[in-house]
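For reference, the structure is listed below as structure tokens.
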Amino acid sequence: MTTKIKYNANGLENYFNEKFLNNQTISSLIKIFQDYPNDVIYFFSLLNNKKASSIFRVLDFPIKEKIIEGLSPIKKFHFLNNLSVDDRVSFLENLSKDSLKDLIKYLSKEEKKKTLVSLGYPENSVGRLMIPYYISVKNTWSIQEVLDYIRKEGKNNNEAIEIIYIVDEQGKLLDDIKIREFLLVDPNTKVYNLMDGQYSAALSVTNTEEEAIKIFSMNNRFSLPVIDDKQILLGIVTIDDILWVSNENYREDIQRIGGMEVLNQSYMKVPLYKLIQKRAGWLILLFIGEMFTTTVMQHFSNFIEKAVVLSLFIPLVVSSGGNSGSQASTLIIQAMALGEIKIKDWWIVMKREIICGFFLGGFLGFTGFIRILTWHYFRLFNYGDHFILIGITVYLSLIGVVLWGTFSGSMLPFIIKKFRGDPASSSAPFVATLVDVFGLLIYFSISYILLNNILL
């Protein structure tokens, strides 16, 4: 079913009415928003709170900001107060301080308190993700009391109530029980008779998003409780939020690995000036780094003039080091993201990568050596009287450069992680630049040692 919007001098003549929009799926609404970007605010204002909240969370940040700014004060008040705490915090934390202060004023006293508490937790922590909507009961209650409480509180709970949390008088988490367990026993049974004395898994309010993703991956649960250091139940995190965060983190890491700042919206929606801005910084930094390769080549310019044949193998040697460094960097970043290695494992990783670099460089060096001999013997190219020495130079240089590539590519993520940076930023372009500079130094140094007073 399609409906076209017709424009006249006075604006919209025929438009999607409120009933039509609220009957659409989220994917259909997104398509409508994309097709009519100038009418997004108007369409959004026609949606009921549930539909508006559902689509708001999947929109790019600039569109969210545009919608909120365009809503009337009354609609803004109702929408922000009905938005779940985690989605609200996810939006507000990206605003400027002035915009944040302005929007906080639209929240009720209770919702403002919940929001400010969540914003007080570290960025990218579980505290920012958790929602204070859950069903908790005392272990001394009867099953009938629990069911009555669920009927009463479940109406106001925006999240699923698949799990019922058992707490003591101080609010300490004791157990978590699926709601079906309460439906299959006598109403007079006490809650403690259903308990096994432990909950399957819980998140700490200070856990990072990456740690939360890992814990969810090991537990087949729709939601997990969030506790503090005293095991007090503070809220829950649901699987849909974790999946959303996982997708966002994946997209950000891919962009950082490509050597650029993170885009907060889809590629097609990013203004051209911002796309240039996001990419220029890293490119300029990498370009400055690559300028050192010019410095190295200028230093060895006399050698190159005397033995031009050496310049033929610069791309071969340097690119091999960059490729090996990128491989090592990617493997370590992925292992860190999955929690397979910690900072304390750097020594083990370094030893493994040094061995790998030596053998990989040896394989490539031997291949390069054979290539020089083959081309010379079959008269495909004349490398001169000292072609064997040139082959040995390339052989040893490849071992050294690949060894340096695997070493630097594997250690940079550890160094950046140690200083609380994002290991993904030590990605392929950065490693390749570093390897290019030192790769040339290694290549020309070995050339000088082996060919001095012979070709040089």
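Just checking, how many residues over region 110-135 are of a type in the set (D, E, K, R) and part of a loop (DSSP other than H, G, I, E, B)?
Adding up the residues that qualify gives 1.
For region 172-201, what are the residues that are open to solvent by 80 Å² or more (accessible area, probe 1.4 Å) and hydroxyl-bearing (Ser, Thr, Tyr)?
Of all residues in region 172-201, those open to solvent by 80 Å² or more (accessible area, probe 1.4 Å) come to 172, 178, 180, 183-184, 186, 188, 192-193, 196, 198.
Result: Tyr192, single match.
Which pairs turn up if I take residues in region 308-326 that are without any contact (Cβ under 8 Å) to a residue 60 or more places away in the chain and under 16 Å from Tyr395 (Cβ atoms) and look for partners that are open to solvent by 20 Å² or more (accessible area, probe 1.4 Å) and assigned to a helix (DSSP H, G or I) with beta carbon separation below 6 Å, at least 6 apart in sequence or on another chain?
The qualifying pairs do not exist here.
Got a sec? Which of Ile355, Ile370, Ile348 is closer than 15 Å to Val402 by Cα, open to solvent by 30 Å² or more (accessible area, probe 1.4 Å), part of a helix (DSSP H, G or I) and of a type outside the set (D, E, K, R)? Explain how you work it out, then say what you get.
On the way: Ile370 fails: closer than 15 Å to Val402 by Cα; Ile348 fails: closer than 15 Å to Val402 by Cα.
Answer to the check: Ile355.
Can you find a residue in region 74-85 that is in a helix (DSSP H, G or I), touching a residue at least 40 places away in the same chain (Cβ under 8 Å), open to solvent by less than 50 Å² (accessible area, probe 1.4 Å) and hydrophobic (A, V, I, L, M, F, W, C)? Even if it seems obvious, please write down each step before you answer.
The initial filter retains those residues of region 74-85 that are in a helix (DSSP H, G or I), namely 74-82, 85.
From the residues that got through so far, the ones that are touching a residue at least 40 places away in the same chain (Cβ under 8 Å) too are 85.
Then drop every residue that is not open to solvent by less than 50 Å² (accessible area, probe 1.4 Å), which leaves 85.
Filter again for hydrophobic (A, V, I, L, M, F, W, C), leaving 85.
Within region 74-85, one or more residues are in a helix (DSSP H, G or I), touching a residue at least 40 places away in the same chain (Cβ under 8 Å), open to solvent by less than 50 Å² (accessible area, probe 1.4 Å) and hydrophobic (A, V, I, L, M, F, W, C).
In region 295-310, which residues are of a type in the set (A, V, I, L, M, F, W, C) and in a helix (DSSP H, G or I)? Give the steps one after another, and end with the answer.
Here is the first cut: in region 295-310, the residues of a type in the set (A, V, I, L, M, F, W, C) are 296-297, 300, 303-304, 307-310.
Within region 295-310, Val296, Met297, Phe303, Ile304, Val308, Val309, Leu310 qualify.
So, in region 94-135, of the ones that are hydroxyl-bearing (Ser, Thr, Tyr) and surrounded by fewer than 14 Cβ atoms within 10 Å (Cβ to Cβ), which residue ends up nearest to Val146 (Cα to Cα)?
Within region 94-135, the first condition is being hydroxyl-bearing (Ser, Thr, Tyr), and the residues that meet it are 96, 99, 106, 108, 115, 118, 121, 125, 133-134.
Filter again for surrounded by fewer than 14 Cβ atoms within 10 Å (Cβ to Cβ), leaving 96, 108.
On the way: Ser96: 44, Ser108: 29 Å.
Once the filter is applied, the top-ranked residue is Ser108.
Take the residues in region 1-56 that are among the charged types (D, E, K, R) and at pLDDT below 85, then tell me which one is nearest to the chain's Cα centre (by Cα).
From region 1-56, those among the charged types (D, E, K, R) are 4, 6, 13, 18-19, 31, 35, 39, 50-51; that's our starting set.
Next cut, at pLDDT below 85 only: 4, 6, 13, 18-19, 35.
Working: Lys4: 38, Lys6: 41, Glu13: 43, Glu18: 37, Lys19: 37, Asp35: 29 Å.
By that ranking, first place goes to Asp35.
Answer with yes or no whether Glu181 is touching a residue at least 24 places away in the same chain (Cβ under 8 Å) and more than 19 Å from Ile131 (Cα to Cα).
Working: touching a residue at least 24 places away in the same chain (Cβ under 8 Å): no; more than 19 Å from Ile131 (Cα to Cα): yes.
Taking the combined requirement at face value, the residue does not satisfy it.
Taking region 202-216 as the region of interest, how many residues are touching a Gly at 6+ places or on another chain (Cβ under 6 Å) and open to solvent by 60 Å² or more (accessible area, probe 1.4 Å)? Steps first, answer last, please.
Going residue by residue through region 202-216, those that are touching a Gly at 6+ places or on another chain (Cβ under 6 Å) are 205, 214.
Then keep just the ones that are open to solvent by 60 Å² or more (accessible area, probe 1.4 Å); that gives 214.
Final tally of qualifying residues: 1.
Which members of region 64-73 meet the condition of being of a type outside the set (D, E, K, R) and either within 16 Å of Glu18 (Cα to Cα) or crowded, with 17+ Cβ neighbours inside 10 Å (or both)? Outline the logic, then answer.
Within region 64-73, the first condition is being of a type outside the set (D, E, K, R), and the residues that meet it are 67-68, 70-73.
Scanning region 64-73 gives Ile67, Ile68, Leu71.
Just checking, which of Asp196, Asp186 is at pLDDT 90 or above and in a loop (DSSP other than H, G, I, E, B)? Before the answer, list the steps.
Values: Asp196 fails: at pLDDT 90 or above.
Matching residue, one of Asp196, Asp186: Asp186.
Output the number of the condition that Ser408 fails; it satisfies all remaining conditions of (1) in contact with a Phe, Trp or Tyr (Cβ under 9 Å, 6 or more places away or on another chain); (2) surrounded by fewer than 15 Cβ atoms within 10 Å (Cβ to Cβ).
Failing condition for Ser408: (2).
Residue by residue, here is whether (1) closer than 21 Å to Asp422 by Cβ; (2) modelled with pLDDT of 80 or more holds:
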position	(1), (2)
Val262	yes, no
Leu286	yes, no
Thr294	no, no
Val309	no, yes
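Just to be sure before I move on: is Leu441 surrounded by fewer than 23 Cβ atoms within 10 Å (Cβ to Cβ) and aliphatic (A, V, I, L, M) in the structure I sent?
Working: surrounded by fewer than 23 Cβ atoms within 10 Å (Cβ to Cβ): yes; aliphatic (A, V, I, L, M): yes.
It is true that Leu441 is surrounded by fewer than 23 Cβ atoms within 10 Å (Cβ to Cβ) and aliphatic (A, V, I, L, M).
Here is a list of conditions, (1) aromatic (Phe, Trp, Tyr); (2) touching a residue at least 12 places away in the same chain (Cβ under 8 Å); (3) farther than 16 Å from Gly405 by Cβ, and Tyr377 meets all of them except one; can you say which number that is?
Looking at each condition in turn, Tyr377 falls short on (2).
Taking region 46-63, which residues are in a helix (DSSP H, G or I) and surrounded by 16 or more Cβ atoms within 10 Å (Cβ to Cβ)? Quick ask: steps written out before the conclusion?
First pass over region 46-63, keeping only residues in a helix (DSSP H, G or I): 46, 49-56, 61-63.
Matches in region 46-63: Leu46, Lys51, Ala52, Ser53, Ile55, Phe56, Ile63.
Quick one: in region 329-345, which of the residues that are assigned to a helix (DSSP H, G or I) and exposed (fewer than 13 other Cβ atoms within 10 Å of the Cβ) is modelled with the lowest pLDDT? Full working, then the answer.
Step one: list which residues in region 329-345 are assigned to a helix (DSSP H, G or I), which gives 329-337, 343-345.
Okay, now just the ones that are also exposed (fewer than 13 other Cβ atoms within 10 Å of the Cβ), so 343-344.
Details: Ile343: 88, Lys344: 91.
Out of the qualifying residues, it is Ile343.
Where residues in region 217-233 are within 28 Å of Ile55 (Cβ to Cβ) and open to solvent by 10 Å² or more (accessible area, probe 1.4 Å), which of them is nearest to the chain's Cα centre (by Cα)?
So the residue we want is Ser217.
If you go through region 136-151 one residue at a time, do you hit one that is at pLDDT below 85 and either open to solvent by less than 70 Å² (accessible area, probe 1.4 Å) or assigned to a strand (DSSP E or B) (or both)?
No, the conditions are met nowhere in region 136-151.
The values are calculated or read from the model by the stated rules, or taken from the named source; none is laboratory data. Everything numeric here is computed off the predicted structure, so don't read it as measured data. Please note: Cβ atoms are built from the backbone with ideal geometry, for glycine as well, and neighbour counts cover all protein chains shown. Areas reflect the complete protein model, heavy atoms only, side chains present, ligands, DNA and RNA absent. Shrake-Rupley method; radii C 1.70, N 1.55, O 1.52, S 1.80 Å.
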